[in-house]
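The structure appears below as structure tokens.
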Amino acid sequence: MMRIILSLSFILLGVVAYTQPTVGGANIEMNTTSHDFGIMAKGADATYTFIAKNTGDQPLLIERCQASCGCTVPNWDTNPIAPGASTEITVKYDSNRLGVFSKTITVISNSVNNPQLVLSIKGEIKE
């Protein structure tokens with residue numbers, strides 16, 4: 001009798017697990033999450049473009065990109081990114097500031113795998 005109850009319990013558990021809905025949604029995947037500009041001259045172009053891909057099954061919405069300070073300006077597409085499609089997040093650093101820098105950009109989206117993704121840039125500006 002105990003074997004029958006135990007067997008039925010396992011069967012019921014399997015049926016419940018099988019009928020659970022799969023969680024879908026948007027998934028953000030980046031080509032890289034960091035960039036090193038190295039040593040640059042003052043006033044040089046300190047712009048880098050990150051590539052974000054939606055690997056999920058729902059449209060990806062990048063709600064905002066927030067830089068750690070005003071010397072770093074992110075630019076991104078506010079339109080929905082279809083499943084399988086990619087978009088660019090361009091980051092520009094004010095290279096008129098001398099010295100070593102390390103900045104972050106927080107990407108806030110509807111991604112189920114990483115709703116607050118952190119990108120980083122670093123380098124050094126010399127005369």
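Report, to two decimal places, the Cα Rg of region 24-126 normalised by 2.2 N^0.38 Å (N = number of residues).
Normalised Cα radius of gyration, region 24-126: 1.12.
To the nearest 0.05, what FRET efficiency results for residue 94 and residue 29 with a Förster distance of 41 Å applied to their C-beta separation?
FRET efficiency, residue 94 to residue 29: 0.90.
Largest first, please: the extent of the C-alpha atoms of region 34-79 along each principal axis, to the nearest Å.
Sorted largest first, the three principal extents are 43, 20, 15 Å.
Compute the FRET efficiency between residue 61 and residue 126 as 1/(1 + (r/R0)^6), taking r as their Cβ-Cβ distance and R0 = 41 Å, and round to the nearest 0.05.
0.55
Just to confirm a number: summing +1 for Lys and Arg and -1 for Asp and Glu over residues other than residue 69 whose beta-carbon lies under 12 angstrom from that of residue 69, what do you get?
Net local charge, residue 69 excluded: +1.
Read-outs: derived from the displayed coordinates by stated rules, not from any lab. Predicted model only: the values in this text are computed from it and were never measured. Here the Cβ is made from the backbone with ideal geometry for all residues, glycine too, and neighbour counts use every protein chain on show.
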